[in-house]
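The values are calculated or read from the model by the stated rules, or taken from the named source; none is laboratory data. Predicted model, so just to flag it, every value in this text is computed and none were measured. Cβ sites come from the backbone with ideal geometry, for glycine too, and all protein chains shown count toward neighbours.
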Amino acid sequence: MTRILHRQIDANLRTASGGKGVELFDQDGRGYIDASGGAAVSCLGHGHPDVVAALHAQADKLAYAHTSFFTSEVAEALAERLVADAPAGLDYIYFVSGGSEAVEAALKMARQYFVETGQPQRAKIIARRQSYHGNTLGALATGGNEWRRAQFKPLLAETHHIDPCYAYRYQEPGESETEYGTRSAQALEDKILELGPETVMAFVAEPVVGATAGAVPAVAGYFRRIREICDRYGVLLILDEVMCGMGRTGTLHACEQDGVAPDLMTVAKGLGGGYQPIGATFLAGRIYEAFANGSGLFQHGHTYICHPMACAAALAVQEVVARDRLLDNVKAMGAHLSRRLGERFGNHPHVGDVRGRGLFMGVELVEDRGTKAPFDPARKLNARIKREAMNRGLAVYPAGGTIDGSRGDHILLAPPFIIDAATVDTVVERLGEAVDAAIAQVA
Ligand code: PMP
């Protein structure tokens, strides 16, 4: 019995009573491999002693000071560290409490930038279908997950959506990757021209689509072309790395692998690894300067921005990731996971695609491999897989929303960066059994 309104109303929800390394334990002491790190959050796993010690020390020193009066040593140290390793030009940062807040801040920074620089007519946002940018109203308006948006549509600001770069779904037979990347990016230029370039404020995209499509990276060249188009029309490029960033794909920022630097970039989940709620928006120097030389104020704010406990958690997590060279393990274990998933599901009659980067992998389920038709959403395949996996001691993130409004089924894998090869093997073995058991119920 729970008095809490959880996201999913489920009378049998288990209680997480503890966690150590890659495992979570329920109230009966049963272990679950945390193979999606919650929702790509727990990059260091659970109970990391260095992070726990840093949190104790920060609590002893200073838990909270409002940013109207003070900055803090720990927030400044975290900012220095993150900006030093940021994509080129992202010289400033704004700390918030999660991903949606980071996206809201990015949207408002983009808008205020154009107001401050004498282009107040720029207010339109272009984003992509099958994307997720958060659940607050601005972020939800930006995202293209129809299932999440549907009932709230009357409350959402107008946003313009183009197709994502999603090769499995949209690359034409006979079309090369380069041709597809160029065609896919062209949709942005077409949309900008349709709306009127002088009215467009920003293009928002996840470098690797997470919650809505299950770890879908763009094809090579796509984001370089997107960057060129944004530059040509003076549109700001906002990359949402809330899920795919902070090392998850094997480089600190996913966009490094696409060879582009955005004007604004959001991060969250892996930033604090779940030890505290924290997110951040990186901004280009010219946006900061527009505020500094203009009104002298970013007209935004929350009570808990730059929270010292949250910054201490993030600083400790990032120090461990660097000190223990964990991105090398993300690359090595990512390659191992990809190989194992390919062996297990490569010829599976109901797995259409296995894709991803680093320790951020997606498995897309289809009723028919030939037509790529998803299972009827009413059969709730991804919820069944989640339940079957939990019964086998495996926590994986089921996702939905493959094609336009429909709810296709995916599984997202995003295990802690500390995972080893034997545990990866166990994850794939349990996942294979869970998928087969769930499909047997619906096929
Ligand atoms: N952007 C992306 C890409 C995300 O994956 C998420 C969370 N799944 C968010 C934004 C929203 O983050 P939060 O849930 O922390 O508000």
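Looking only at segment 267-289, residues that are in a helix (DSSP H, G or I) and either under 28 Å from V22 (Cα atoms) or within 11 Å of the ligand (Cβ to nearest atom) (or both) come to 4 in all. Take R81 and tell me if it is of a type in the set (D, E, K, R), outside any helix (DSSP H, G or I) and either within 21 Å of C306 (Cα to Cα) or not assigned by TED's automatic domain parsing to the domain that holds G272 (or both). Considered against the rule, which asks whether it is of a type in the set (D, E, K, R), outside any helix (DSSP H, G or I) and either within 21 Å of C306 (Cα to Cα) or not assigned by TED's automatic domain parsing to the domain that holds G272 (or both), R81 comes out as no. Only one of the listed residues (P173, P197) is more than 16 Å from the ligand (Cβ to nearest atom), more than 19 Å from P262 (Cα to Cα) and either of a type in the set (D, E, K, R) or free of Cβ contacts under 8 Å to residues at least 40 places away in the same chain (or both). That residue is P173. The residue of segment 129-152 that is nearest to S184 (Cα to Cα), among those that are modelled with pLDDT of 95 or more and more than 10 Å from the ligand (Cβ to nearest atom), is A141. The residues of segment 20-45 that are more than 18 Å from the chain's Cα centre (by Cα) and either among the polar types (S, T, N, Q) or not assigned by TED's automatic domain parsing to the domain that holds V428 (or both) amount to a single one, Q27. For segment 119-141, the criterion of being in contact (Cβ under 8 Å) with a residue 60 or more places away in the chain, assigned to a helix (DSSP H, G or I) and either surrounded by 21 or more Cβ atoms within 10 Å (Cβ to Cβ) or in contact with a Gly (Cβ under 8 Å, 6 or more places away or on another chain) (or both) is met by no residue. Any residue in segment 50-57 that is within 16 Å of the ligand (Cβ to nearest atom) and at pLDDT 95 or above? Checked against the condition, which is being within 16 Å of the ligand (Cβ to nearest atom) and at pLDDT 95 or above, segment 50-57 yields no hits at all.
In the condition set (1) within 24 Å of M109 (Cβ to Cβ); (2) in contact (Cβ under 8 Å) with a residue 12 or more places away in the chain; (3) away from the ligand (no atom under 15 Å from the Cβ), P164 is compliant with all but (3). The residues of segment 1-16 that are modelled with pLDDT of 85 or more and within 26 Å of the chain's Cα centre (by Cα), listed by number, are I4, L5, H6, L13, R14, T15, A16. Out of all the residues in segment 334-375, which are touching a residue at least 24 places away in the same chain (Cβ under 8 Å) and part of a strand (DSSP E or B)? Passing the criteria: V351, G352, D353, R355, G356, R357, F360, M361, G362, V363, E364, L365. So, in segment 162-220, how many residues would count as being exposed (fewer than 15 other Cβ atoms within 10 Å of the Cβ), assigned to a helix (DSSP H, G or I) and of a type in the set (D, E)? Residues that pass the stated criteria total 5.
Within segment 98-118, the set of residues being away from the ligand (no atom under 16 Å from the Cβ) and either in a helix (DSSP H, G or I) or in contact with a Gly (Cβ under 8 Å, 6 or more places away or on another chain) (or both) comprises R111, Q112, Y113, F114, V115, E116, T117.
From the list A88, A157, A84, A150, the one residue that fits, being within 19 Å of A211 (Cα to Cα) and aliphatic (A, V, I, L, M), is A150.
Go over the candidates D263, D240, D231, D258 one by one and state the one that is more than 16 Å from the ligand (Cβ to nearest atom) and surrounded by 20 or more Cβ atoms within 10 Å (Cβ to Cβ). Step by step, each of D263, D240, D231, D258 is checked, and only D263 is more than 16 Å from the ligand (Cβ to nearest atom) and surrounded by 20 or more Cβ atoms within 10 Å (Cβ to Cβ).
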